[in-house]
Amino acid sequence: MINCVMMKEIFDICRFKALAWKYYRENMKTILIFLGVMVVVTFMVVCKFNPFRMEYTSLYTGSNYLDRYYGMFAKIFWGLLGFFLLFAASYSFADFMSGKKSFGALLLPASSFEKLLLAILNSTVVVFLLHVAVFYSVAHVACSYKYTGFKEADKIAVAESWSGFSYPVLTSGAEIVHPKVGNVFSVVDRFSESSAYTREVEDGTGVRKERTVYFTPFVVWNLLIMYWLYFVFVFMWGSITFRKRSALLTILVHGLFFLFLGWLVYRVGTVFWKIPREEAMLYGLYFYNTGELVPLSASWLLLLYIVPLTYVGIIWKKLKNKQV
Amino acid sequence: MMIRMNQLDFSYRKKNVFSGLNLTLSEGHVYGLLGKNGAGKSTLLKLMCGLLFPERGEINVMGYLPSARKPAFLSELFFIPEEIYLPDLKMSAYAELLRPFYPRFDRQMLEEYMEEFEVSLDERMSRMSYGQRKKALICLGLACNTRLLVMDEPTNGLDIPSKSHFRCLIASVATKDRCIIISTHQVRDLDNLIDALVVVEESRILVNVTTDRITEKLVFKNLEEDESALFAEESVKGRWGVVVNENGEDSKLDMELFFNAVLQHPEKIRAIFGNDKVND
């Protein structure tokens, strides 16, 4: 009974639903503006980097078209996701950092865990789902509008749009092809397939052998999710740490931190370990005593999840200790 | 006891605000919190609400540690800050959003209070004037029916009739199980409203006493020219001052006069009110 009461102090589903509804209702205008920005930016980027632009079409022909424009859309999708996540995460605790709003945000009768959970869900799941919906809708509209395919450069003309972007115009005899966005998530399988590589290593008996390793889709998915969470939590940390210019300061602080970390690893690796630097790299640990074609072990991924989870812990602590 | 602070230390970076502060406030009272600018009134309120954490000492509010900000504690507390923020919604919609968080929220009371203050429930709050928004938030705070209602300069921005309505409303909601704390510079706004006074000065509580006790021990009256007083000032009606009530005279509490007397003769006032009501 006591545990149940204590649990309700930390998380109560009814209270969480009320908190989420209050948040969305109060911030509806901001959310709609953000959605509008997502639509406009996605449309402009899709138009800017559409695969049928003059400069791209001269580089590849025939069946390569499909791969090229698939890869282009996948890059646009993941790049834009990062861009939007950066903004969403950087503003996730804006209410707690603003003078007037912070009283209401901190004293609203919900637990710190519920407030944190809502911020995390908004910055990860909600932004992601919005982006998927916006990207596929906008890219589909953009692609079915006026993009045309062509196999020879002399069959196309390039026109300037009102926004300053150039786009190809169909000329007589050219074939109309509407690009298809495709499944941007298949980047995982493609990355997994293309990640296989071979290198020569020495086994325990001193015999040098060739070993091939590759990332399984499971490993790639985990890496992707982990990197995604890490990216979001870093900017959420910035949001609860810096009152102003949180995105900029977060990038600066982490840039300096990683420079220092890189320098430290280099110094420690070369001075103390006394082994070739190449062998000291993390993936090097998985080449020994394996077969000819070996998927890269996923066990260390669990360890790497500690990094984003540590950030969540720090954010929660900062939120609990937040004062006005 | 509703609020108990024991040996509390608090400072902002280099400025010491409270050192070894003790304070006890009970339910069933409307407290007026007075003090000069920068004395620490707002800081004290924020410490009670869990918006600031003490460096040392204990705070217990309704049996909770405010800094833990547990939902059960927060649902029994409503804080109206000096600088307010309200979202761009109609008051009726905003009230519905807050209702699930306050178990004793009363919509009908809210409507009555809003009517009293002549503020529409269906007007978007972003279009309201500062005074109207303040009134709307006061109504909301009262309708939430929390055991502890804390207000920092609630009458700032209110017009004269609204100040009168404010006093009526507060008087009507003061109940035995509720504690209302009002911090203000404008002591006249608290006339006939509060029943206890807390004066903060120089990192400590100079006075924590009921108004009945004040008028029992002190008398506020026109003074003879050579009559000595704890504090006196010239007015159009003559010399108006506060003196020790040695003959059991009845008088009406003049809070401004009392406040000035406390600031001018803190030790005398402490001696007058003895150990039972005056805290360090």
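Do we find that B:ILE84 is among the hydrophobic types (A, V, I, L, M, F, W, C) and at pLDDT 95 or above in this structure? Criteria not met by B:ILE84. Is it fair to say B:SER26 is in contact (Cβ under 8 Å) with a residue 12 or more places away in the chain, within 29 Å of A:ARG15 (Cα to Cα) and either within 11 Å of another protein chain (Cβ to nearest Cβ) or not aromatic (Phe, Trp, Tyr) (or both)? No: the conditions fail for B:SER26.
Among the residues here, B:LYS163 qualifies as under 19 Å from the mean Cα position of the chain (by Cα) and among the basic types (Lys, Arg). When you go through A:VAL188, A:VAL177 one by one, which is the residue that is in contact with a helix residue (DSSP H, G or I) (Cβ under 8 Å, 6 or more places away or on another chain) and either assigned to a loop (DSSP other than H, G, I, E, B) or modelled with pLDDT of 95 or more (or both)? None of the others qualify; the one that does is A:VAL177. B:LYS36 satisfies every condition listed in (1) buried (at least 18 other Cβ atoms within 10 Å of the Cβ); (2) at pLDDT below 95; (3) of a type in the set (D, E, K, R) except (1). Looking only at the stretch B:30-53, how many residues end up being touching a residue at least 60 places away in the same chain (Cβ under 8 Å) and within 14 Å of chain A (Cβ to nearest Cβ)? Number of matching residues: 5. Among the residues of the stretch B:72-101, the one identified as touching a Pro at 6+ places or on another chain (Cβ under 9 Å), within 7 Å of another protein chain (Cβ to nearest Cβ) and among the aromatic types (Phe, Trp, Tyr) is B:PHE101. Every condition in (1) surrounded by fewer than 15 Cβ atoms within 10 Å (Cβ to Cβ); (2) modelled with pLDDT of 95 or more; (3) aliphatic (A, V, I, L, M) holds for B:LEU51 except the one numbered (1). Of all residues assigned to the stretch A:44-58, at least one qualifies as being at pLDDT below 95, exposed (fewer than 13 other Cβ atoms within 10 Å of the Cβ), out of contact with any Lys or Arg (no Cβ under 7 Å at 6 or more places or on another chain) and more than 14 Å from chain B (Cβ to nearest Cβ).
Of all residues in the stretch B:69-107, those that are over 17 Å from A:LEU19 (Cα atoms), hydrophobic (A, V, I, L, M, F, W, C) and without any contact (Cβ under 8 Å) to a residue 60 or more places away in the chain total 2.
Once the stretch B:111-158 is narrowed to residues that are in a loop (DSSP other than H, G, I, E, B) and hydroxyl-bearing (Ser, Thr, Tyr), the residue that is nearest to B:TYR64 (Cα to Cα) is B:THR146.
Regarding the stretch B:205-221, can at least one residue be identified that is touching a residue at least 24 places away in the same chain (Cβ under 8 Å) and assigned to a loop (DSSP other than H, G, I, E, B)? There is no residue in the stretch B:205-221 that is touching a residue at least 24 places away in the same chain (Cβ under 8 Å) and assigned to a loop (DSSP other than H, G, I, E, B). Only one of the numbered conditions (1) modelled with pLDDT of 60 or more; (2) more than 13 Å from chain B (Cβ to nearest Cβ) is violated by A:LEU66, and that is (1).
In the stretch B:168-183, is there at least one residue being in contact (Cβ under 8 Å) with a residue 12 or more places away in the chain, over 29 Å from A:LYS22 (Cα atoms), part of a helix (DSSP H, G or I) and not polar (S, T, N, Q)? Among the residues of the stretch B:168-183, at least one is in contact (Cβ under 8 Å) with a residue 12 or more places away in the chain, over 29 Å from A:LYS22 (Cα atoms), part of a helix (DSSP H, G or I) and not polar (S, T, N, Q), which makes the answer yes. B:ILE170 fulfils the conditions (1) farther than 24 Å from B:MET62 by Cβ; (2) within 13 Å of the chain's Cα centre (by Cα) except for a single criterion, (1). Take B:ASN247 and decide whether it is at pLDDT below 90 and outside any helix (DSSP H, G or I). Here the answer is yes, as B:ASN247 does meet what is asked. Restricting the stretch A:77-107 to residues that are among the polar types (S, T, N, Q) and away from chain B (no Cβ under 14 Å), the residue that is nearest to A:PHE43 (Cα to Cα) is A:SER90.
Tally time: how many residues in the stretch B:156-170 are hydroxyl-bearing (Ser, Thr, Tyr) and surrounded by fewer than 17 Cβ atoms within 10 Å (Cβ to Cβ)? Total meeting the criteria: 1.
Okay, residues lined up against (1) under 22 Å from the mean Cα position of the chain (by Cα); (2) β-branched (Val, Ile, Thr); (3) surrounded by fewer than 18 Cβ atoms within 10 Å (Cβ to Cβ):
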site: B:CYS179; (1), (2), (3): yes, no, no
site: B:GLU227; (1), (2), (3): no, no, yes
site: B:VAL242; (1), (2), (3): no, yes, no
site: B:PHE258; (1), (2), (3): yes, no, no
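Answer with yes or no whether B:SER120 is within 11 Å of chain A (Cβ to nearest Cβ) and surrounded by fewer than 20 Cβ atoms within 10 Å (Cβ to Cβ). No, not satisfied.
Of all residues in the stretch A:108-141, which are within 14 Å of chain B (Cβ to nearest Cβ), surrounded by 20 or more Cβ atoms within 10 Å (Cβ to Cβ) and hydrophobic (A, V, I, L, M, F, W, C)? A:LEU108, A:ALA110, A:LEU116 - these are the residues of the stretch A:108-141 that are within 14 Å of chain B (Cβ to nearest Cβ), surrounded by 20 or more Cβ atoms within 10 Å (Cβ to Cβ) and hydrophobic (A, V, I, L, M, F, W, C).
The values are calculated or read from the model by the stated rules, or taken from the named source; none is laboratory data. The structure displayed is predicted, hence computed values, not measured ones. Backbone-built Cβ (ideal geometry, glycine too); neighbour counts: all protein chains shown.
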